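The values are calculated or read from the model by the stated rules, or taken from the named source; none is laboratory data. Given the structure is predicted, the values throughout are model-derived calculations rather than measurements. Here Cβ is always computed from backbone atoms with ideal geometry, including for glycine, and neighbour counts include all displayed protein chains.
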Ligand SMILES: *Cc1c(COP(=O)(O)O)cnc(C)c1O
């Protein structure tokens with residue numbers, strides 16, 4: 001990486017502020033989740049020194065190893081696919097789970113919180129594009145999960161998340177972000193839930209995601225550099 005993490009943080013924050021200005025939005029309303037998957041604790045510490053406080057991981061195992069080696073004041077978010085058998089562990093590690101993609105998983109999170117006293121916020125991941133390979137609930141299945149969620153003991157759904165199909169041109173992903181926002185309007189009316197959170201946008205498309213209403217952007221490589229193509233990450237076996 002030619003620039004320091006500190007410089008990268010400043011660049012991403014400036015780009016976020018510009019996108020907010022274009023959309024007439026308050027910068028305070030958009031949170032940056034620094035996605036540190038595959039990167040070592042030293043990178044996290046540098047980003048914390050540059051002022052970041054919210055970090056994202058996509059695997060429970062990797063997060064469990066990394067979190068104890070990182071500054072304690074971080075709020076950790078789970079952004080990757082979560083298996084039901086890792087839920088008990090996950091609710092202790094993470095303050096927010098962005099990627100809840102089934103009723104079964106949501107119920108398991110609620111049960112784990114009830115048993116352990118852990119508190120966690122969740123977003124429902126929506127497969128807006130209908131791409132087969134993607135995780136996320138099909139839009140048609142979301143209202144029923146939202147309705148049932150209102151009966152849960154410990155967990156309430158704070159918002160929605162999506163990962164559109166990759167396209168190097170962010171204008172091509174804009175319609176998926178806009179669609180999620182529009183779907184949200186209908187589901188709000190249908191369920192009475194506020195669904196204030198919209199987790200959408202990654203390194204190459206967070207600017208358009210903010211213009212389309214994102215309240216969380218999940219940015220990895222623009223902050224920390226390119227990830228090694230092959231897992232597992234250096235220094236961590238997952
Ligand atoms: C890895 C990852 C990101 C960050 O991706 P970058 O392109 O590196 O910014 C965001 N969201 C999810 C769900 C991810 O798995």
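Find all pairs meeting these conditions: Cβ atoms under 9 angstrom apart; at least six residues apart or on different chains; first residue within region 30-45 and at positive phi; second residue in a helix (DSSP H, G or I).
Within 9 Å, the pairs are 38/62; 38/224.
If you check 197, 201, which single one turns out to be modelled with pLDDT of 95 or more, surrounded by 19 or more Cβ atoms within 10 Å (Cβ to Cβ) and at positive phi?
201
Just wondering, is there one or more residues in region 174-189 that are at pLDDT 95 or above, within 13 Å of the ligand (Cβ to nearest atom) and either surrounded by fewer than 18 Cβ atoms within 10 Å (Cβ to Cβ) or on the phi < 0 side of the Ramachandran plot (or both)?
Going through region 174-189, the residues at pLDDT 95 or above turn out to be 174-189.
Going one step further and asking which of them are within 13 Å of the ligand (Cβ to nearest atom), we end up with none.
Scanning region 174-189 turns up no residue that is at pLDDT 95 or above, within 13 Å of the ligand (Cβ to nearest atom) and either surrounded by fewer than 18 Cβ atoms within 10 Å (Cβ to Cβ) or on the phi < 0 side of the Ramachandran plot (or both).
May I ask you to list the residues in region 210-228 that are in a helix (DSSP H, G or I) and within 11 Å of the ligand (Cβ to nearest atom)?
Matches in region 210-228: 221, 222, 223, 224.
What tally of residues in region 10-28 results from selecting those that are out of contact with any helix residue (DSSP H, G or I) (no Cβ under 6 Å at 6 or more places or on another chain), surrounded by 13 or more Cβ atoms within 10 Å (Cβ to Cβ) and farther than 16 Å from residue 205 by Cβ?
Looking only at that region, the number is 3.
If I ask for residues that are within 16 Å of the ligand (Cβ to nearest atom) and closer than 19 Å to residue 123 by Cβ, which ones from region 17-35 would you list?
Within region 17-35, 30, 31, 32, 33, 34, 35 qualify.
Please find, among 105, 52, 93, 82, the residue that is buried (at least 17 other Cβ atoms within 10 Å of the Cβ), within 14 Å of the ligand (Cβ to nearest atom) and farther than 23 Å from residue 204 by Cβ.
82
What helices (runs of 4 or more DSSP H) lie completely within region 81-174 and have 1 or more residues being closer than 28 Å to residue 211 by Cβ?
On the way: elements: 87-93, 103-116, 142-149.
Per the criteria, 142-149.
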